[in-house]
Each structure stands twice: as structure tokens, then as C-alpha cells.
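Read the structure below first, then the notes.
The values are calculated or read from the model by the stated rules, or taken from the named source; none is laboratory data. Bear in mind that the values here come from a model prediction, so they are computed numbers and not experimental data. Cβ coordinates were reconstructed from backbone atoms using ideal geometry, including for glycine residues, and neighbour counts include every protein chain displayed. SASA here: full protein model, heavy atoms, side chains in, ligands and nucleic acids out. Shrake-Rupley method; radii C 1.70, N 1.55, O 1.52, S 1.80 Å.
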Amino acid sequence: MSEEKSFHMTSDEFRRHGHAVVDWIADYRDRIESFPVLSQVKPGEVRAALPPSAPLEGEPFAALLKDVEKIILPGITQWQSPNFFAYFPSNNSAPSILGDLLSSGLGVQGMLWSTSPACTELETHVLDWLVPMLGLPEKFLSSSTGGGVIQDTASSAVLCALLAGRERATNFTSNQKGCDGRLVAYASSETHSSLEKAAMIAGIGRANLRLIDVDENFAMRPEALARQIETDKRAGLIPCFVCATVGTTSSNAIDPVAEIGRICRQHNLWVHVDAAMSGTAALCPEFRHIHDGVELADSYCFNPHKWMFTNFDCNCFWVADRKALIQTLSILPEYLRNQATESGAVIDYRDWHIQLGRRFRALKLWFVIRHYGVEGLQHHIRRHVQLAQRFADWVKNDDRFELAAAVPLNLICFRHKAGDAVNQTIMECLNHSGDLYLTHTKLDGKLTLRLCVGQTNTQERHVERAWRRIREEAEKVAALP
Ligand SMILES: Cc1ncc(COP(=O)(O)O)c(C=O)c1O
């Protein structure tokens, strides 16, 4: 019998092209500093270089890689450049890339334990490893009442936490009946916007999200939280959820989790701790104080895809009471029934998040932790914090600039004293130069530059150059008529 016609790539071709892709990635990583950090393309430029319709006939693989180089690369903002200081990082590392590649190769969809036991069990195991690594409470361990799961993002984690808090506060009836407009959630005015989105999606409603005042360090005022909860209760409303942040996006402020936790215990509110970027710092014992009070939390998350050398997407989310989460999110249609689930002896992660299907993300996290070891991770995180502190000292010692917030870890919020327009110009000139990339926020109503040291390969020379370029641009702006 003759072979059936096939358009698939053969194993030999895959091997050859695979090597070429890995070589391309290795070369890309070596030459990354030669590209402008912020992509310089104009809107529509990438699309204009692409053919208007899909090819009828398949093309040689070499042509694909050529177009990656010619069309795609100019449209890439170089998140992996050591000169990337914008937003919070979304760093990666070679072991993580390889782990993700393996995950693609295995092509597992791990919605149920039975659809790939290793996908579930490795995830449970790695998340248990991380509990002592980060100094998190033992109740988050799978051997206790809780457990951890990998979500795509911190946004999904806070949504799951809010849903569980909503259900717990209504004795698990809102899933059935819907919300009646009386549920209230709380966060500080500096909390990430993902909570506002979660409040919209969860049916809490924006109007029922209370944004509590912050203190001079941009951290939530617990006494204001307590007052607001009392006021809402007196008005017949049902407070159900508080989000505390360890490392806010604007300024890296750390909410007083212990005090917030005590207030929430008193009123039986679900406390979620969002440590999206800064949680990684707790790998180092000297920064572990950022987790003070987390023992009072019902849930906690951080993003290895921000600062822990694990490529996007990877958010680790733990709950203290897995039953509450599962009861909130579980639905069991006939076609998903199976013996392992019925036995009650396994975790089915489909019940721990919004979507059903799930990738094998634990592989890349496992690779990262095993490659670096705890010591290796601590070394690089410590170094980033050290470099950021050095940068903060340079700012303090330059009369033209000022720090706009405390620098607890690796984010420096600073500004030129000449005002918003000057800071805006400095930032735009730097970003257009392609030499480095930083972004801004508003603190105390003033435009503030943010520089975050967290890219995998950022070294002293990159931070020194950033400071030199900032001062050069400041001098140019000062010389303008
Ligand atoms: C404190 C905090 N929470 C949540 C998020 C949202 O992260 P994600 O993209 O994982 O949803 C961010 C993003 O920077 C953040 O800084």
C-alpha cells in the first residue's frame, strides 16, 4: 500500500528546523542589546509587510524564520533586554524556555488528573515546594486544608479569590441565585486595576468596590478599612472580600497585611494577598518580612512570570481552604466524569480556575527551580534589589531629582524636580532613543518615572548607563529655550 499523502513536517525536518529555532533564540539572546528596547515601528507597519491572504501552498521553513527576522523582530519590544526597566518585568530564562518547549512538545491538556496525572501532580508538588521557599503559611500546602494551582495571570487569581469570597459570604448561594447588589469588596486606591475588572465580572459591581485611602507610603490605611466595613454593615450591605497588595504596581507599596487580616477575621471577610511581582523577593530570608501577616490570608498569589525567570504565563495561587474554592468553581458534566475523580483521591485542577483546559505550565517552573536552585534564585534577586538601592542613592544625591516613594525592593519611583512636562520629555526622549525603556505613574498627583530592576540579565553596567542616559536627557531638556 502506498503511503497516505501528508503535509506534516517529518521527524527529520522537525529535528533540523527545531535546532535552527533554538539556535535562532540563542543568537537573539546574545544580540538583544543591539535592538531598540521599545519597538520603533509605526501603527500598521507590521501588517503592511504581511501578505493580504494566507498562502495556498505551504512554504519552506527557512522562509518563515527569515520573516521573523525581517518583519516580526522590528515590531518586538525587547522585554528580555537587560535595558528593559518599564512596568514590572516579564522576565524569562533558558531553562524556562526549554521547559515551555517541552510542554508544547508533550501537548498535554491537563484539565483532569486523569487527562495527564504528571501535569497535575508535578504542579501540586512544585507549588508545595514554593510554600517554604517563600515563607508562606503551612495551611497553603496540599497536605493541609489548602493547596496551590498555576493560573495564567494574577488577574485570574484575584477573580477566583473574589468569587470564592463572594460564595463564602452568601453561604454558596450566589452561584445559584446571582448577586443582589449588597455584596461589597475592598482594596486600596493603589490596588491593581485587575481587581476592578474582577468586581465587574463577578457581579459585585464597580459601585460596590470600595477603594480605601492610603497613607504617606501609599499603603492601605487599616483603620479606614475597618470604618468602611462598619459603615457598610450598618447600611445592610454584605462585606465579603479584601485585596491586600504586597508591592503595588505604581510604587511597590506594601499593605499592612497583618492588620488587614485581623480586621477581616473579625468580620469573616476573605483576604486575598496580591504579591504579583514582589512575592519573588521573599525567596531571600532578608526580604521575607514582606509576607508578615500572610498567615491570616485566605488566598495569596505571585507571578513567577514577572521576576522569577519563568516565561509568561505563570501565576502561582494558593488557598487556605481548597474546599471553598472548589465548591465555588466546580461543575461536573457527564462527559468529564471518570473513576479517578469519583474516587476523591485526586486533584482536578479544572475546579480551581475559570477555564476548563490547561497547559502543562509546571514544567517550566520546575525547570527554573531545579536549574537555579534556591541559592541561584536568591543570588539574582538579591543582586537586582542591590542595584535598585544603588540607583535610589544616586537619585537622592542629585539635587535635580527626588525620590517619589520609598524603595523597599527593586522599583524606584523618582522625578526631576522641574515638573511633569520635563519628566514627560525625559521619558519620551529615552524611550525613543531605544537605549532603555522606562514607564511612568502618578504619585501625589505628579508625573513620576518608574524604573524597575528585574530583567534576568540586567547588570550593574546597565543600571549605570540608565542613570547616565537619564541625566543626559535631563541636561538636554534644561538647555532648551
Ligand atoms: C500588583 C499587581 N497585581 C496584578 C497585576 C496583573 O498581572 P497579570 O498580568 O498577571 O494579570 C499586576 C501587573 O503588573 C500587578 O503589578
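Couple of notes before you dig in:
- Note on region 446-481: residues that are assigned to a loop (DSSP other than H, G, I, E, B) and either under 26 Å from the mean Cα position of the chain (by Cα) or touching a residue at least 60 places away in the same chain (Cβ under 8 Å) (or both) total 7.
- Among strands (runs of 3 or more DSSP E) entirely within region 211-322, having at least 1 residues that are away from the ligand (no atom under 15 Å from the Cβ) and open to solvent by 30 Å² or more (accessible area, probe 1.4 Å) singles out 238-245.
- Looking across region 101-123, the residues that are of a type outside the set (D, E, K, R) and surrounded by 22 or more Cβ atoms within 10 Å (Cβ to Cβ) come down to G110, L112, W113, C119, T120.
Okay, residues lined up against (1) more than 18 Å from C314 (Cα to Cα); (2) modelled with pLDDT under 95; (3) touching a strand residue (DSSP E or B) at 6+ places or on another chain (Cβ under 6 Å); (4) of a type in the set (D, E, K, R):
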| position | (1), (2), (3), (4) |
| --- | --- |
| I331 | yes, yes, no, no |
| E334 | yes, yes, no, yes |
| R337 | yes, yes, no, yes |
| I354 | no, no, no, no |
| G357 | no, no, no, no |
| W366 | no, no, no, no |
| G376 | yes, no, no, no |
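- A search for C-beta distances below 9 Å between a residue of region 366-382 that is more than 21 Å from L101 (Cα to Cα) and any residue that is in a helix (DSSP H, G or I) and among the charged types (D, E, K, R), counting only pairs 6+ apart in sequence or on different chains, returns R382/E286.
- Test result for A418, on the phi < 0 side of the Ramachandran plot, assigned to a helix (DSSP H, G or I) and among the small types (G, A, S): no
- Selected residue (criterion: most open to solvent (accessible area, probe 1.4 Å)) from residues of region 419-459 that are under 15 Å from V477 (Cα atoms) and small (G, A, S): A421
- Any hit, region 380-387, residues being part of a helix (DSSP H, G or I) and over 23 Å from W79 (Cβ atoms): no
- Any pair with Cβ under 6 angstrom, 6 or more apart, that starts in region 30-46 at a residue that is within 8 Å of G75 (Cα to Cα) and in a loop (DSSP other than H, G, I, E, B) and ends at one that is at pLDDT 95 or above and not charged (D, E, K, R): S39/G75; S39/I76; S39/T77; V41/P74; V41/G75
- Residue check, V346 at negative phi, outside any helix (DSSP H, G or I), in contact with a helix residue (DSSP H, G or I) (Cβ under 8 Å, 6 or more places away or on another chain) and of a type in the set (A, V, I, L, M): yes
- Among the helices (runs of 4 or more DSSP H) confined to region 77-195, the ones with at least 2 residues that are within 16 Å of the ligand (Cβ to nearest atom) and hydroxyl-bearing (S, T, Y) are located at 154-169.
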